[in-house]
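For reference, the structure is listed below as structure tokens.
The values are calculated or read from the model by the stated rules, or taken from the named source; none is laboratory data. Worth saying up front: this structure is predicted, and the values here are computed from it rather than measured. Counting neighbours? That spans all protein chains shown, and the Cβs are built from the backbone with ideal geometry, glycine included. Please note that ligands, DNA and RNA were not included when accessible areas were found on the heavy atoms of the full protein model with its side chains. Shrake-Rupley method; radii C 1.70, N 1.55, O 1.52, S 1.80 Å.
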Amino acid sequence: MTNEQLRVRFAPSPTGPFHIGGARSALFNWLLAKKHSGQMVLRIEDTDLERSRRESEENIKEALKWLGMDWGEGIDVGGPYGPYRQTERLDIYKQYTQKLLDAGLAYFCYCTDEELEAERQEHLAKGQTPLYSGRCRNLTLEDRKRLEAEGRKPTVRFRVPGGKQIVFTDLVRGTVSFESDGVGDYVIVKSDGIPVYNYAVVIDDALMRITHVIRAEEHLSNTPRQILLYEALGFPLPKFGHISLILGKDRTKMSKRHGATSVEQYRKLGYLPEALVNFLALLGWAPAGEQELFTLDELVKEFSMDRVAKNPAVFDVDKLNWINAQYIKKSTPERIAELALPHLAEAGYIKDTGLTPEKRAWIVQFVAAVQDHISYAAQIVDHADIFFNDTVAFENQEAQEMLRDPDVSRVMDVFKEKLAALEELNASAVQGLLKSMVKELKLPGKKVYMPIRIALTGQMHGPELHHFIPVIGRERVLQRITATMAKI
Ligand code: GLU
């Protein structure tokens, strides 16, 4: 790297939910910037006036912050090369369009959509690649006046130089080349005066002094069009790096069919930002060693573009779940409870509002008992029933049968007695109590633990009893045992 400061940008189009692929692009840029003490620019590409939404822009910013990324320049924070929202830069684009027109590198095109479509069909019928014919390439001033008098509004097309090979070295893909003859003069400004992506992006990246353009592979085919514009405008070329597609586990392009695709959805399901960011980093980038869990700081240290893979990244939700589970285990129950509350409310276990401090504290206790068994906070609901619902239902015949064992009544009596005698009801006290029962009753552990578990929950598996019992509390434990044993 030269002395020049590394400058990257994340340039989303705010047209819908913020896709995890976008978050991954943002992350790779951010990591590269942090690693090289560079600058991260956040630019909003909102030239699609119909589809762009401020709400989506807000959503993107929120998601980036939530994931732990910041930007030193861009919307909200400003900077020396603003404005950073494309619709606020229309005058800037206009100046460059005029330059291109003056130099004969671009021209007005009056073809209507219908005419262009007819031309396209003609090419297709002849088995040719449909490229713009160049019909308006050499219009005279009179021609233009006549066409304008017909009420036609021109677009501006870039005059693609013929017979040129466009070669560049992609940081991920190596040498990439395209023939300019396969491109055809393309529109750079639409008839409403709004520049298209391929044009605005070049001016912005150049004026914002972007040194590295790291973006999704889907833009690889746009790059030759952009390079031709860099050359026409006399701008130095940045380095390009196109990161691979994200595929679902079935190796088709990641889509809604594969489950949640937006950052917001994962956030709502109760994934932790540090887990999601860890997972996203591994989508297309491979660390040098075996380590799989990384903090953001560790990622910054480890990240490098030469370990970004060319082949598609596979979105393995099981891996995400595993990573998230590791972070959940390390989190405080208070934090996980906070994330679980909306799900518990939705499932009807709690009222949406009006949690007393006692109830909240109890929920934290409940979460602490099960948080090692969930992959994301919404799964808390799957563990809630035995904690919230005192009506014990046997999960199957076998469970019920087990309580008919002749040793069971003795086990229950001793348990109730010892429980009543405990000074303080906590995990280690219950653990000690159960151990002492095994010893005193001279029974195999299973014959002590299983009947108690079934009497309290109706189930043969579940959270550790010493975690479960203190959450339920003495009174409810005794009530449940009495009620269940009455059903035997
Ligand atoms: N606005 C483009 C997008 O969201 C950005 C492409 C680029 O990074 O050049 O796909």
Exercise for the section: Subtracting the Cα-Cα distance from 0.36 nm times the residue separation, let me have the gained length for THR295 to ALA483 in nm, one decimal. Expected result: 62.8 nm
Practice task
Would you mind checking LYS35/LYS253; LYS61/LYS268; LYS418/LYS439 for any pair whose Cα atoms are more than 19 angstrom apart?
Solution key: LYS35/LYS253
Fill in the blank from the handout: Relative to the chain, whose Cα atoms define the longest principal axis, helix 427-441 and its Cα axis are tilted in degrees, nearest 10, by 40
Practice task
Would you mind checking LYS329/LYS487; LYS310/LYS330; LYS416/LYS446 for any pair whose Cα atoms are more than 26 angstrom apart?
Solution key: LYS329/LYS487; LYS310/LYS330
Handout entry: Spatially proximal lysines relative to LYS164 (Cα-Cα < 25 Å; intrachain offsets below 8 disregarded)
Key = LYS99, LYS126, LYS239
Handout entry: All aspartates and glutamates inside 12 Å of LYS447 as judged from Cα atoms, apart from same-chain residues fewer than 8 positions distant
Key = ASP405, ASP407
Practice task
Calculate, in whole percent, how much of the Cα-Cα pair population of the chain lies beyond 39 Å.
Solution key: 44
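Quick one: grab the alpha carbon gyration tensor of region 164-319, order the square roots of its eigenvalues as a ≥ b ≥ c, and give me rounded if a/c is under 1.5, else prolate or oblate depending on whether a/b is larger than b/c.
prolate
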Exercise for the section: Quote to one decimal, in nm, the extra length available between VAL314 and LYS99 on full extension: 0.36 nm per residue of separation minus the C-alpha distance between them. Expected result: 72.9 nm
Practice task
At a Cα cut-off below 16 Å, give the lysines reachable from LYS249, other chains included and same-chain residues fewer than 8 away excluded.
Solution key: LYS319
Problem - Under 15 Å from the ASP181 label point (7 Å along Cα→beta-carbon), backbone N, region 76-119 - result: none
Practice task
Would you work out if region 166-213 is rounded, prolate or oblate? Take a ≥ b ≥ c from the square roots of the eigenvalues of the alpha-carbon gyration tensor; rounded if a/c is under 1.5, else prolate when a/b is larger than b/c, oblate otherwise.
Solution key: oblate
Problem - Partnerless cysteines, meaning none of the other Cys C-beta atoms lie under 4.7 Å away, in the chain - result: CYS111
Handout entry: Cα gyration tensor of region 84-170 - equivalent ellipsoid semi-axes, whole Å, descending
Key = 24, 22, 14
Problem - Rounded to the nearest 20 debye, dipole of the chain from Cβ charges on Lys, Arg, Asp, Glu - result: 460
Completion exercise
Length gained, GLN459-ARG410, 0.36 nm per residue minus C-alpha separation, equals 15.6 nm
Fill in the blank from the handout: Note to self: with every protein chain in place and a 1.4 Å probe, region 13-92 gives an accessible area per residue in Å² of 41
Problem - Computed label-point distance, nm, for sites LYS35 and ASP306 using a 7 Å Cα→Cβ extension - result: 1.1
Practice task
In whole Hz, with x marking every Gly and Pro, tabulate ³J(HN,Hα) for region 86-92 from phi via Karplus 6.51 cos²θ - 1.76 cosθ + 1.60, θ = phi - 60°.
Solution key: 4, 5, 9, 10, 4, 5, 5
Exercise for the section: With a 1.4 Å probe and every protein chain kept in, tell me what percent of the accessible surface of the chain is carbon plus sulfur. Expected result: 50
Fill in the blank from the handout: With a ≥ b ≥ c from the Cα gyration tensor eigenvalues, square-rooted, and the rule rounded for a/c under 1.5, otherwise prolate when a/b > b/c and oblate otherwise, region 376-481 is oblate
Completion exercise
For ARG404, the net charge from surrounding residues (Cβ-Cβ under 15 Å; K, R +1; D, E -1) works out to -1
Handout entry: Mean residue ellipticity (222 nm) of the chain, computed from DSSP H runs ≥ 4 via -39,500 (n - 2.57), nearest 500
Key = -14500 deg cm²/dmol
Handout entry: Residue-by-residue Karplus 3J(HN,Hα) for region 271-277, coefficients 6.51, -1.76, 1.60, Hz, glycine and proline x
Key = 7, 8, x, 5, 6, 5, 5
